[in-house]
Each structure stands twice: as C-alpha cells, then as structure tokens.
Amino acid sequence: MKKLLILLLPAILLITSCQFEKSYKYAFGQDQPVEIKAKSDSAAFATAYELFCNSLKSSGILQQTLQDYNAPAKRFFLYNAKGEDITFTANVPDREKVESVIEERVFSQVSSPIDKRNILENLAAFKILAKIDQPKIDSLMPYFTVHKDEFDPKRPVSYRPKAAPYHTNSNHIYCYFHVKKGIPGAIRFRAQYSDDTWLFFTTVQFSINGDAFELVPGYTERRLGSDGRIWEWFDMELKEKQKELIFALASSHTAKVKFAGRHYSAVHNIPQVQIDDIRRTLELYYAMGGSY
C-alpha cells in the first residue's frame, strides 16, 4: 500500500497543481486570443508580456516605429476567466522590474549579426512604444505644429505649440522637443524678451503662485531689430535641476517672469495660454514615451 501511494504521488501532485491553475486570455492586434494557464495574475502577466515582446520583435513594428513616429501604437490585453481586462490592474509586484527583465531577455536573443547590431536600437524603440498613449496624443495634437525637414527626412521632427513664435521679435516663453527615430529627445525651454531697452539679462526669475524660482541660462543671445527694438533670448535643454521649476510653472494659476540684468530688469505677467502650452507640451512629451 505504501509503495502504491509513492507511485501515485507524482500524479496526485500534478492533478492538484493543475486544479490551482487559472485560465487567462492574451490578445494582441488582429491575432486570435491565446489561452494562458497560470497560478496567479502576476504569473499570467509575465507570460503575456513575454508574448507581447516577441510579437513586436518579430512583426517589424519596431522598425516601423524607428522609421516613422506615426506608426500605430500597439499594446496587448490580458483577460481573466471572467473576461475582465486586467492588463493594468493585475497585482504584479515590481511590475517595472519584471517588464525590464523580460525585455532584456527577449531583445538580447540574437539570430543574426544584423539583429546583434540592432539590439539596443530595438530595445529603445520598444521601451518608447510600450509607453505610448495614443488617445492622449490625439487629443493634444490640435495644439501643436509638427515640423519635418522635407529635404532631409533623417533630421529630427519638432513639436512646438501653435502659439509659439518662430521669430524672436516678441515676448514669449515655451517648451518644445524633437523626435528622432521615434524617440523623443530632451525637452527644451525658450524665453524671449523684446522691448526698446537693453537688459543684458543673465538671470531669469519666476514668481509662481507666490513661490520664487530662479533660472540661470548658460548663454543668452541679443540682436537689434531693423525696427529699433531689442531682442534678447535663450534656448536651453531642461535638466533635472529645472524639473521643480517647470512642473510648478506648468501647473500654476498665476505666474510672473523677471528678466534680470546687471543694471536693468523687466517683469512680465505670463499669459495663461503660455502656461497651458507648457503643461500640454509636457503631457504630449510623456504620451509619446518621453522621459524627463
């Protein structure tokens, strides 16, 4: 009897373990849903995410994204046994770490020398593609002008608020960014001063909802216009140390800017439309997969 139990034990354990497995469905694009058996939501998510990575790697979507940012955004769906979408609600401890490990494993699998050369490029494109929020992009695009170089398609594509001037002969502050091979570059910040008095400003100070901030640009440019007006401006890449300032400005209700020079300064109220444009630029940047 004891020997019989020992012989039957593996089968009993197998049957017991199967009874605890749950049924899930993975869906991607137009493909037929794939059934996944897993003991937990987190295990099912890991399996689904690996299927998703492999699908993108083999389908050519990554290369399309690298060549054209307007390539359709893709994501997968994970449904539980009740048919509920748990893609984003599944309890997955250390979700970002799980995703990162799977991404590295899938995209480090090399099948040819060409694949090996493209590993980093493919992985970068995937990380962007996986974060794209297409509905958000669609809702924000009416506020932006997209500029492509018709003579050099390899040059970055710029995204600027429609209200932002392309010339320097006006007072304005705004953010913008470029996209190259589907990957958003750094956010840039531009501030312009125009009047009939030279400031030679070296510091820009902000009063945002009553709080004070200061920005010291690395350089400023100056020009005397043909109409006798003064133009002074700077255009800089935003770094981590400017993050608090730019987020405060983007969410502000009232804000002023002071262009401070050695002997003279000028204070302007920042119009609400410029504040809104800064906020929308940040939102578009993140929706396109940007990281700041």
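We did not get these values from a lab; they are worked out from the coordinates using the rules stated. Everything numeric in this text was worked out from a predicted model, so none of it was measured. Cβ coordinates were reconstructed from backbone atoms using ideal geometry, including for glycine residues, and neighbour counts include every protein chain displayed.
Fully extending the segment from residue 134 to residue 256 would add 40.6 nm, taking 0.36 nm per residue of separation and subtracting the current Cα-Cα distance. If you plug the beta carbon distance of residue 237 and residue 105 into 1/(1 + (r/R0)^6) with R0 = 45 Å, you get a FRET efficiency near 0.85. Arranged from fewest to most other beta-carbon atoms within 10 Å of their beta carbon, 181, 241, 37 become 241, 37, 181. With θ taken as phi - 60° and the Karplus curve 6.51 cos²θ - 1.76 cosθ + 1.60 applied, the whole-hertz 3J(HN,Hα) list for the stretch 278-283 is 5, 4, 5, 5, 4, 5 Hz, x standing for glycine and proline.
If you rank 231, 198 by fewest surrounding Cβ atoms within 10 Å, what's the result? Mind dumping the intermediate values first?
Details: 231 17, 198 14.
By the 10 Å Cβ count, ascending: 198, 231.
The spread of Cα positions in the stretch 164-292, taken along each principal axis and listed from longest to shortest, comes to 42, 34, 25 Å. In straight-distance terms, cross-link reach from residue 258 covers every one of the aspartates and glutamates whose alpha-carbon lies under 12 Å from its own, apart from those fewer than eight places away in the same chain; here that gives 214.
Just want the ordering: 236, 288, from fewest to most Cβ atoms lying within 10 Å of their own Cβ. Provide the component values of the computation, followed by the final result.
Values: 236 17, 288 23.
Exposure proxy ranking, most exposed first: 236, 288.
Annotation: peptides 91-98, 146-153, ranked by per-residue average of other Cβ atoms within 10 Å with the highest first, follow the order 91-98, 146-153. Mind scanning 97/243; 97/180; 22/82; 97/181 and naming the pairs with a C-alpha gap bigger than 20 Å? Listed pairs above 20 Å: 97/243; 97/180; 97/181.
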